[in-house]
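**Student:** Before anything else, here's the structure in question.
The values are calculated or read from the model by the stated rules, or taken from the named source; none is laboratory data. Source: prediction; values computed, not measured. With ideal geometry, Cβ positions are generated from the backbone for all residues, glycine too; neighbour counts draw on all protein chains shown. What goes into the accessible areas is simple: the full protein's heavy atoms, side chains included, and nothing from ligands, DNA or RNA. Shrake-Rupley method; radii C 1.70, N 1.55, O 1.52, S 1.80 Å.
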Amino acid sequence: MSYTLFISDLHLDPARPEHLEALGELLEAHAGKADALYVLGDLFEAWIGDDDDTPFNQEAISAFRSFSDNGSQLYFMHGNRDFMLGDDFAAACGGTLLEEGTVVDLYGTRALLMHGDSLCTLDTAYQQFRTMARNPQWQQGMLAKPLEERRMIAQGMRMQSQGNNANKAENIMDVTPEEVVRVMEEASVKHLIHGHTHRPNIHDVALADGQGKRWVLGDWGKLGWQIVADSEKGLRLESFEIN
């Protein structure tokens, strides 16, 4: 049996070392066995540049490198917390950065891969920030600042985001159903895999040419979440305990 794994929203942070440990265990268990692993954004709680070579970050890179060195393919996608992950990080891990909205063939099943934040179109304030933060010129200006200044900026942005989200309605922070249909039909797929919302589930999606499914990965807390696509049984959403 051949299989591929998907994870997202680990929000790795030195304050939560158990998540990095759980990631290391997952990578070790599937290295050389899984065809590929896709990390669909928010791998880190914050990423301020590929030059941030803290021991914590280096440990994560080393775990990914061991996974890829054993013959499994490795792919990353930007999230809303780690949008400044670069090619240097991916190369150090032995992986590849993918564009948002990449379509992959999973043993005969085509699936659209996204982080998921762009689907939350009702959150206009966040979408404005997203447009700014994904601008190459803005990122270049940020990366030109000293590391310590970037750390302070990232901390301030996290606190502001937490405050803003506390005052937003639940539906604003979830995906817009019409946008889900639009991107799936535009990509001509029946399956969409994403994270971001921290609401793990499998949703039916009514498409013009039939029924589709939206697969939502959960964030890592006391449970970790993964989607497994195998050559025999198709896709499934799974959780596992994190100690």
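**Student:** So, in the stretch 12-36, how many residues would count as being within 25 Å of residue 215 (Cβ to Cβ) and touching a helix residue (DSSP H, G or I) at 6+ places or on another chain (Cβ under 7 Å)?
**Tutor:** Qualifying residue count for the region: 6.
**Student:** So, one more: Here are some conditions: (1) buried (at least 22 other Cβ atoms within 10 Å of the Cβ); (2) outside any loop (DSSP other than H, G, I, E, B); (3) at pLDDT below 95. Residue 127 meets all but one. Which one does it not meet?
**Tutor:** Against the list (1) buried (at least 22 other Cβ atoms within 10 Å of the Cβ); (2) outside any loop (DSSP other than H, G, I, E, B); (3) at pLDDT below 95, residue 127 comes up short only on (1).
**Student:** Continuing with this model, one more query. Within the stretch 198-215, is there a residue that is part of a loop (DSSP other than H, G, I, E, B), touching a residue at least 12 places away in the same chain (Cβ under 8 Å), of a type outside the set (D, E, K, R) and open to solvent by less than 30 Å² (accessible area, probe 1.4 Å)?
**Tutor:** Within the stretch 198-215 (the criterion being part of a loop (DSSP other than H, G, I, E, B), touching a residue at least 12 places away in the same chain (Cβ under 8 Å), of a type outside the set (D, E, K, R) and open to solvent by less than 30 Å² (accessible area, probe 1.4 Å)), the answer is no, since none of the residues qualifies.
**Student:** Working only within the stretch 135-144, note down all residues that are outside any helix (DSSP H, G or I) and open to solvent by less than 70 Å² (accessible area, probe 1.4 Å).
**Tutor:** 135
**Student:** Taking the stretch 14-51, which residues are of a type in the set (D, E, K, R), part of a loop (DSSP other than H, G, I, E, B) and over 12 Å from residue 221 (Cα atoms)?
**Tutor:** The answer is 33, 35, 42, 45, 50, 51.
**Student:** Looking at 74, 10, 85, which one is in contact with a Ser or Thr (Cβ under 6 Å, 6 or more places away or on another chain) and either under 27 Å from residue 112 (Cβ atoms) or open to solvent by 20 Å² or more (accessible area, probe 1.4 Å) (or both)?
**Tutor:** Checking each option against the conditions leaves just 74.
**Student:** Using the structure shown, decide if residue 233 is basic (Lys, Arg), open to solvent by 20 Å² or more (accessible area, probe 1.4 Å) and under 22 Å from residue 121 (Cβ atoms).
**Tutor:** Answer is no for this residue.
**Student:** Please go through the stretch 13-26 and pick out each residue that is surrounded by fewer than 23 Cβ atoms within 10 Å (Cβ to Cβ) and in contact with a strand residue (DSSP E or B) (Cβ under 9 Å, 6 or more places away or on another chain).
**Tutor:** 13, 19, 20, 22, 26
**Student:** Then there is this: Confirm whether residue 154 is at pLDDT below 90, assigned to a loop (DSSP other than H, G, I, E, B) and among the aliphatic types (A, V, I, L, M).
**Tutor:** no
**Student:** Then there is this: Any idea how many residues of the stretch 106-124 are open to solvent by 30 Å² or more (accessible area, probe 1.4 Å), over 23 Å from residue 134 (Cβ atoms) and not in a loop (DSSP other than H, G, I, E, B)?
**Tutor:** Number satisfying all stated conditions: 2.
**Student:** To continue, here is another question. Go through the stretch 49-68 and give me each residue that's loosely packed, with under 15 Cβ neighbours inside 10 Å and either within 26 Å of residue 193 (Cα to Cα) or among the basic types (Lys, Arg) (or both).
**Tutor:** Result: no residue meets the conditions.
**Student:** Same structure again: Using the structure shown, decide if residue 132 is touching a helix residue (DSSP H, G or I) at 6+ places or on another chain (Cβ under 9 Å), open to solvent by 50 Å² or more (accessible area, probe 1.4 Å) and free of Cβ contacts under 8 Å to residues at least 24 places away in the same chain.
**Tutor:** For residue 132, the condition - touching a helix residue (DSSP H, G or I) at 6+ places or on another chain (Cβ under 9 Å), open to solvent by 50 Å² or more (accessible area, probe 1.4 Å) and free of Cβ contacts under 8 Å to residues at least 24 places away in the same chain - is met.
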